[in-house]
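Engineer: Got a structure here, written out as structure tokens. Questions coming.
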Amino acid sequence: MTHQVHAFEPPERFVAGTVGPPGERTFFLQARGAGRVVSVALEKVQVSLLAEKLEELLTEAQRRFGVELPELPATGVADNDPLDTPVDEEFRVGTLGLAFDVDTSTVVIEAIAAGETEVEVELDEDDDADDDDDDVVEPDEDLDRLRVRLTPQETRRFIERARRVVNAGRQPCPLCGQPLDPAGHLCPRHNGYHR
């Protein structure tokens, strides 16, 4: 099975965004560069966690390697534009990987497609039962992936937009914290009465 690696090192634009009305939004990571646009779908919690872990990665890079971190972007510099259309889903993200490249002082983000959980293992007749399993094949090797390389400044911009996108959904109920639909919701704090 062949797999594709969509590499943008660096991208012209890399953002988190959504398609659809609040309550029915589909979340995407979208990279644009060299005349191509790649969009991958993921869950809201993955976008939120990605922003959080990127912030931690930048802090750790500053602490361990002395990387100068940019201040938060000034208002007006933020990318509030919608996703580039058409938004064609290349794959659904199963795993997100982060790394900091010390040589280039860049952050590497890798979104790996969700795949089958089963891993086939083939045994040769000459295998010894006492052999170590040091060369176990990772199940992710045959999965499509999106790889993006960002500067710390671009990473900060991505984090800020990702947090705005996550928080732009439905407002929480002041009593139970569940998201409110435009028509209200059945609030457990009101014994199931419509709120």
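The values are calculated or read from the model by the stated rules, or taken from the named source; none is laboratory data. Since the model is a prediction, treat every value here as computed from it, not as a measurement. All Cβ positions, glycine included, derive from the backbone under ideal geometry; neighbour counts span all protein chains shown. SASA here: full protein model, heavy atoms, side chains in, ligands and nucleic acids out. Shrake-Rupley method; radii C 1.70, N 1.55, O 1.52, S 1.80 Å.
Engineer: Suppose we filter 91, 100 for residues that are more than 20 Å from residue 160 (Cβ to Cβ), open to solvent by less than 80 Å² (accessible area, probe 1.4 Å), outside any loop (DSSP other than H, G, I, E, B) and not β-branched (Val, Ile, Thr); which single one remains?
Structural biologist: Of 91, 100, the one residue that is more than 20 Å from residue 160 (Cβ to Cβ), open to solvent by less than 80 Å² (accessible area, probe 1.4 Å), outside any loop (DSSP other than H, G, I, E, B) and not β-branched (Val, Ile, Thr) is 91.
Engineer: Given the options 191, 80, name the one that is open to solvent by 100 Å² or more (accessible area, probe 1.4 Å) and at pLDDT 75 or above.
Structural biologist: When all the criteria are applied, what remains is 80.
Engineer: OK, next. Take segment 11-25 and flag every residue that is assigned to a strand (DSSP E or B) and not β-branched (Val, Ile, Thr).
Structural biologist: Passing the criteria: 13, 14, 16, 17.
Engineer: Okay, moving on. Which one is surrounded by the fewest Cβ atoms within 10 Å (Cβ to Cβ) among residues in segment 29-46 that are among the small types (Gly, Ala, Ser) and in contact (Cβ under 8 Å) with a residue 40 or more places away in the chain?
Structural biologist: Only one residue fits best here, namely 41.
Engineer: If we scan segment 47-60, do we find a residue that is part of a loop (DSSP other than H, G, I, E, B), in contact with a strand residue (DSSP E or B) (Cβ under 8 Å, 6 or more places away or on another chain) and either farther than 16 Å from residue 98 by Cα or open to solvent by 50 Å² or more (accessible area, probe 1.4 Å) (or both)?
Structural biologist: Taking every residue of segment 47-60 in turn, none turns out to be part of a loop (DSSP other than H, G, I, E, B), in contact with a strand residue (DSSP E or B) (Cβ under 8 Å, 6 or more places away or on another chain) and either farther than 16 Å from residue 98 by Cα or open to solvent by 50 Å² or more (accessible area, probe 1.4 Å) (or both).
Engineer: I would also like to ask the following. Does segment 46-64 contain at least one residue that is farther than 27 Å from residue 115 by Cβ and among the polar types (S, T, N, Q)?
Structural biologist: The answer is yes, given that some residue of segment 46-64 is farther than 27 Å from residue 115 by Cβ and among the polar types (S, T, N, Q).
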